[in-house]
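Read the figures in this text as sums done on the coordinates, not as results from a lab. Just so it is clear, the model here is predicted, and its values are computed rather than measured. Cβ coordinates were reconstructed from backbone atoms using ideal geometry, including for glycine residues, and neighbour counts include every protein chain displayed.
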Amino acid sequence: MDQATQPTNQNLIEKLGSTYSFWSDLKSYLNETLKNPSEEWNFPGKKYGWSFRMKSKKRNIIYFLPRDGFFKVAFVFGSKATGKVMESNVSISIKTELENAKVYAEGRGIRIDVKNSQILNDIKTLVQIKVAN
């Protein structure tokens, strides 16, 4: 939460605990999928703390939001991609959250808690949809 100190891998290992391996897995997956993505830490304010985003050709693909003992991932989907998510095999809870999300000019935003490995396949599917649309 300290704006003066950008998180390091050691900070993440300490804060995320056992979920750090899921963070690493998703980052590796994105590096393979996006072929040379850009990575960027951002501090929007004390209320939100640090966030980490991965981009493909200046396009935001995913946000990682570290928390104490877990992390969240966030996506913003335009209308076409939202339709693809609804047609996909991701969990009903993700579809419901996306369907109920407020619509902004850039699309609908969702956040997903990553506390165990069960959600990783859904997140990877969402990455594929985001990249394709």
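Here are the numbers for this structure:
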read-out	value
From phi via Karplus (6.51, -1.76, 1.60), per-residue ³J(HN,Hα) for the stretch 85-100 in Hz, x at Gly/Pro	4, 5, 7, 7, 9, 5, 4, 4, 4, 5, 4, 5, 4, 5, 4, 8
Contact order normalised by residue count of the chain, Cα under 8 Å, 6+ apart, percent	24
Qualifying GluC sites (Glu not before Pro) for the stretch 96-133 [loop in DSSP, other Cβ within 10 Å: at most 10]	E106
Neighbour net charge for E14 - beta-carbon separation under 13 angstrom, K R +1, D E -1	+1
³J(HN,Hα), Karplus 6.51/-1.76/1.60, whole Hz, each residue of the stretch 66-75, x for Gly, Pro	x, 10, 7, x, 6, 8, 10, 10, 10, 9
Qualifying chymotrypsin sites (Phe, Trp or Tyr not before Pro) for the stretch 1-81 [loop in DSSP, other Cβ within 10 Å: at most 12]	Y48
Highest-MSF residue in the chain out of G78, G17, G45 [GNM, Cα springs under 10 Å]	G45
The chain - mean residue ellipticity at 222 nm from DSSP helices (-39,500 (n - 2.57) per run, n ≥ 4, rounded to 500)	-12000 deg cm²/dmol
Compactness of the chain, expressed as Rg and Dmax over alpha-carbon positions, Å	14.4, 43
Entries of K58/K124; K27/K57; K46/K124; K46/K80 with Cα pairs more than 23 Å apart	K46/K124; K46/K80
